[in-house]
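Only the coordinates and a few stated rules stand behind these numbers; no lab work does. No experiment lies behind these values; they were computed from the predicted model shown. In this analysis, Cβ positions are derived from the backbone assuming ideal geometry, glycine residues included, and neighbour counts consider all displayed protein chains.
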Amino acid sequence: MSRVGKMPVIIPAGVDVSIKDDQINVKGTGGTLSLTQSALVKVSIKDGKLSFEPVNESREANAMSGTIRQLVNNMVVGVSKGFEKKLNLIGVGYKAQAAGAKLNLSVGYSHPVNFEMPAGITVATPTPTEIVIKGADRQRVGQLAAEIRAVRPPEPYKGKGIRYSDEKVTIKETKKK
C-alpha cells in the first residue's frame, strides 16, 4: 500500500468533513471545498480521522489512495489555515498594485497587465514589488501564481522579472570577447 495513503488525515476542530455518494466535502473557516471520490479508494471517518484504503490490490488503486489522501489533506489544511504564495518583482520600474479583486502589473511592457482574481482567492501587495496570493484551494493558488509569473519570468542575464520569493535564479555569464 502507498506510504502516503497509509497515513490518516486528522480533522482539526472547526473543520467539518462529509462523504456523500461520490463527493468528499470539507467545510471550515476558509470556505468549502469538494472533491469527486475515486471508485478505487474507500474513504472512512473514524474518531476524527479520515482513512483511505484501496478497493483492490491493483497498482492504480494503490497509487490513487495516496493521491486522494493528499488532495483531501490539502483541502483540510486549506479551509483551516489556508495557502499563500509570495512573488517578488525584480527590475527598474517594475511594480504591482492590488485593487480589490484586480491585480495591475507594470513590468516593462508598453501596456499594463491586469489580472482578475477568481472567487476564493485574495491578492495583496504589501510593497509595490511584492505580491501575496492567498486562498483555501492549493491548486488554484499555485496555478494563479504561475500565471502571474509567466507574464515576465526571470531572465538569466540580469535576473529581471517576476519570481517566487524562495526561487534562486542562476545568473549566466555574458559572452567575453
Correct choice for Rg and Dmax of the Cα atoms in Å that was computed from the model, options (i) 18.2, 58; (ii) 20.6, 70; (iii) 15.4, 46: (ii)
Relative contact order for the range 83-164, counting Cα pairs under 8 Å that sit 6 or more residues apart, in percent: 35
The range 79-123: chymotrypsin sites (Phe, Trp or Tyr not before Pro) in DSSP coil with no more than 11 other Cβ atoms inside 10 Å: Y109
Modelled FRET efficiency - R0 30 Å, S34 with N104, Cβ distances, 0.05 increments: 0.40
Under 16 Å from K86, Cα to Cα: aspartates and glutamates that are on another chain or at least 8 residues apart: E130, D137, E147, D166, E167
Among V76, V15, V26: highest mean-square fluctuation, GNM of the chain, C-alpha pairs under 10 Å: V15
Whole-Hz couplings from phi, Karplus 6.51/-1.76/1.60, listed for the range 143-160; x for Gly and Pro: 5, 5, 5, 5, 5, 5, 4, 5, 4, 8, x, x, 8, x, 9, 10, x, 6
Pairs from K27/K85; K27/K168; K20/K81 whose Cα-Cα separation, in the structure shown, is over 27 Å: K27/K168
Loop trypsin sites (Lys or Arg not before Pro), the range 69-173, which have at most 14 other Cβ atoms in a 10 Å radius of their Cβ (DSSP): K81, K158, K168, K172
Set of lysines near K6 by C-alpha distance (under 17 Å), chain-local residues within fewer than 8 positions excluded: K42, K46, K49
